[in-house]
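A quick write-up on the structure given underneath.
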Amino acid sequence: MAEIEGARRESNAQPYAILVVDDEEAILESLELTLGTEYRIFTATTGEAGLEILAREEVALVIADQVMPGMSGVEFLERVVEKNPRSIRMMLTGYADMSAVVRAINEGRIYRYIQKPWEPDELRVNVKRALEAYELIGENAQLAAALAEANEQLRAENRYLRREVERRYSFEEIIGESNAMQRVFEVMEKVAETDATVLVSGETGTGKDLVARAIHYAGPRTERRFVAQNCGALPDTLLESELFGHKRGAFTGAHADKKGLFEIADGGTIFLDEIGETEPGMQVRLLRVLQDGEIRPLGSSETRKVDVRIIAATNRDLHKEAEEGRFREDLYYRLRVVEIRIPSLRERRQDIPALAHHFLDKANQRMGRSIKGFTNAAVDRFVAYHWSGNVRELENEIERTVALAGGEELVGVDMLSEHIRGAQPEGSAADSSEPIVEWNMNAAVDTLKRRLIVEAIRESGSKTRAAERLGIPRQSLQKMMKRLGLTDDDVSA
Ligand SMILES: Nc1ncnc2c1ncn2[C@@H]1O[C@H](COP(=O)(O)OP(=O)(O)OP(=O)(O)O)[C@@H](O)[C@H]1O
Ligand SMILES: [Mg+2]
């Protein structure tokens, strides 16, 4: 007689438990004899007694007689399915008519049947297989649960990242209370909903990147990709391959086909930064994409349709470039379906204090500092400075200040870079070239008074001399400073 080794759980676990239910004690004994050396056997002579055992024990396999007084085998196994759906179920049958058994098998309620009288070896093999199935089902359920959990985690992470990206590039992250910026926001909002090509222009560091991304993430393409390419950074052929892709062998070093950014951005947005730097050949190819929505990879004879929204940016005066023949006029007009000109920081000085605080918060957070703000004098210098590098220069200045700060609560003038420390308001208040930023007469007069007082004290070196110069009594100067919120720190040079 062949030795058949039973199914066993991992080395130190208990052997599997098998529940046998039959009204004939002799059958129970003989099954116990056949299987008892390999497994833990529980026996019952009625279905009811069997269910009680099932409630207590972790049973892997249930074997039931088909015909019993009271609860029949089929009924009993049905209850087992409800109570312990994972268990494997087998039926003992002595009948020639198998229709009930076959139905139970087909309906998935039992795994297989054992015909009486049985051959012990065959029974052992069947039981072993059944328990292997039990183990696999368990493993499967565990893996499926782990996978479902991992998927859920990934999904949650994706949702979080998407929200983060959307938040980071949302309109709210763009600071701008000035009328000029409010007009920029209005156009951005309108254009975000459309597929219109947008040309964003402005000096370096004015926020062209930020605006392009915000338009993408505020619009219907937000779920698709935003890809950016700096057109000034690469020689023509490389740029062409980046944007349009290439076929294998298109040029030396093209070892495999490569997808271009236009294809990668399909359904989304492509941001062509520094478009003014492109060469004439590239300008022709871009014109073709704008006209026909088609691209052709380098070395390929076939064109492909793409659905990509284009946002371009430039810090040049592209209109002038086109007029003077350095940029294709037809491409210029295709690009500037909507043009958003971001004003330089000098043209919107009233945004400077809010921007400074915004960057201070960010720098504090990043560097674990808790500087509360700026002295009035420091803000004055910021407002007065020329900022040829615009918002980026302001951001860098504040980062630098925070990085070098000791334990100060406020950023004072002495902490600023040399060139900014010495900034003087450009022109006088009556200079008609400065746009009027404050239309309220009283507020405007206060601003002028503040400026006059600060200048007078700084230049003359004392309040008494300043008062003389301003033609007012010293006490009035003192009172006026208090009302205008000017401190000694503000008026110190
Ligand atoms: N209105 C704003 N509010 C908040 N942050 C701003 C604003 N404008 C610009 N920034 C920040 O200033 C920095 C420069 O902005 P950005 O890179 O968008 O400028 P740019 O116009 O694309 O510059 P360049 O011409 O050099 O490419 C970025 O860190 C950006 O987040
Ligand atoms: Mg940029």
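Here are a few things to note about the model shown:
- Within the range 57-88, being assigned to a helix (DSSP H, G or I) and either within 49 Å of the chain's Cα centre (by Cα) or surrounded by 15 or more Cβ atoms within 10 Å (Cβ to Cβ) (or both) holds for Gly73, Val74, Phe76, Leu77, Glu78, Arg79, Val80, Val81, Glu82, Lys83.
- Residue in the range 449-493 that is nearest to Asp414 (Cα to Cα), counting only those that are more than 53 Å from the chain's Cα centre (by Cα) and of a type in the set (D, E, K, R): Glu459
- Within this structure, Leu243 fails the test of being hydrophobic (A, V, I, L, M, F, W, C) and either at pLDDT below 95 or out of contact with any Cys (no Cβ under 9 Å at 6 or more places or on another chain) (or both).
- Residue pairs whose Cβ atoms lie under 9 Å apart, sitting 6 or more positions apart in sequence or on different chains, and linking a residue in the range 336-358 that is assigned to a loop (DSSP other than H, G, I, E, B) to a partner that is of a type in the set (Asp, Glu), are Ile342/Glu203; Pro343/Glu203; Ser344/Glu203.
- Residue list for the range 376-413, filter: among the charged types (D, E, K, R) and either within 16 Å of ligand 1 (Cβ to nearest atom) or out of contact with any Lys or Arg (no Cβ under 8 Å at 6 or more places or on another chain) (or both): Asp380, Arg392, Glu393, Glu395, Glu397, Glu399, Arg400, Glu408
- Subset of the range 386-421 (residues that are more than 29 Å from the chain's Cα centre (by Cα), away from ligand 2 (no atom under 16 Å from the Cβ) and not hydrophobic (A, V, I, L, M, F, W, C)): His386, Thr401, Gly406, Gly407, Glu408, Glu409, Gly412, Asp414, Ser417, Glu418, His419, Arg421
- Whichever residue in the range 268-285 is closer than 17 Å to Thr237 by Cα and in contact with a Lys or Arg (Cβ under 6 Å, 6 or more places away or on another chain) and, among such residues, is nearest to ligand 1 (Cβ to nearest atom): Gly276
- For the range 204-216, the set of residues classified as in contact with a helix residue (DSSP H, G or I) (Cβ under 9 Å, 6 or more places away or on another chain) and buried (at least 20 other Cβ atoms within 10 Å of the Cβ) consists of Gly205, Thr206, Gly207, Val211, Arg213, Ala214, Ile215, His216, listed by residue number.
- Looking at the range 176-244, the helices (runs of 4 or more DSSP H) lying wholly inside it that each contain 1 or more residues that are within 16 Å of ligand 1 (Cβ to nearest atom) and closer than 29 Å to Arg159 by Cβ sit at 179-192, 208-218.
- For the condition within 20 Å of Val198 (Cα to Cα), within 16 Å of ligand 2 (Cβ to nearest atom) and in a helix (DSSP H, G or I), Arg288 does not qualify.
- Failed item, numbered, when Glu321 is tested on (1) part of a helix (DSSP H, G or I); (2) within 16 Å of ligand 1 (Cβ to nearest atom); (3) within 29 Å of the chain's Cα centre (by Cα): (3)
- Gly232 being surrounded by fewer than 17 Cβ atoms within 10 Å (Cβ to Cβ), within 16 Å of ligand 2 (Cβ to nearest atom) and at pLDDT 90 or above: yes
- Hits in the range 246-276 (condition: out of contact with any Ser or Thr (no Cβ under 8 Å at 6 or more places or on another chain) and either assigned to a helix (DSSP H, G or I) or on the phi > 0 side of the Ramachandran plot (or both)): Gly249, Gly253, Leu261, Phe262, Glu263, Ile264, Gly267
- Taking the listed residues Arg288, Arg316, Arg248, the one that is over 30 Å from the mean Cα position of the chain (by Cα) and within 16 Å of ligand 1 (Cβ to nearest atom) is Arg316, with no other qualifying.
- The range 385-409 residues that are closer than 20 Å to Glu173 by Cβ, paired with ones that are within 16 Å of ligand 1 (Cβ to nearest atom) and among the β-branched types (Val, Ile, Thr) (beta carbon under 6 Å, 6 or more apart): Asn390/Thr206
- Index of the failed condition, Ala141 passing every other in (1) surrounded by 11 or more Cβ atoms within 10 Å (Cβ to Cβ); (2) over 19 Å from Lys208 (Cβ atoms); (3) under 27 Å from the mean Cα position of the chain (by Cα): (3)
- Residues of the range 338-375 that turn out to be more than 14 Å from ligand 1 (Cβ to nearest atom), aliphatic (A, V, I, L, M) and over 27 Å from Gly485 (Cα atoms), as a count: 2
- Some residue of the range 328-342 being of a type in the set (Ser, Thr, Tyr), modelled with pLDDT of 95 or more and under 17 Å from Gly205 (Cβ atoms): no
- Residues of the range 297-311 include at least one that is assigned to a strand (DSSP E or B) and within 16 Å of ligand 2 (Cβ to nearest atom).
- Gly249 being more than 16 Å from ligand 2 (Cβ to nearest atom) and crowded, with 22+ Cβ neighbours inside 10 Å: no
- The range 193-203, subset more than 13 Å from ligand 2 (Cβ to nearest atom) and surrounded by 21 or more Cβ atoms within 10 Å (Cβ to Cβ), residue nearest to the chain's Cα centre (by Cα): Val198
The values are calculated or read from the model by the stated rules, or taken from the named source; none is laboratory data. Keep in mind the model is a prediction, meaning the values are calculated, not measured. In this analysis, Cβ positions are derived from the backbone assuming ideal geometry, glycine residues included, and neighbour counts consider all displayed protein chains.
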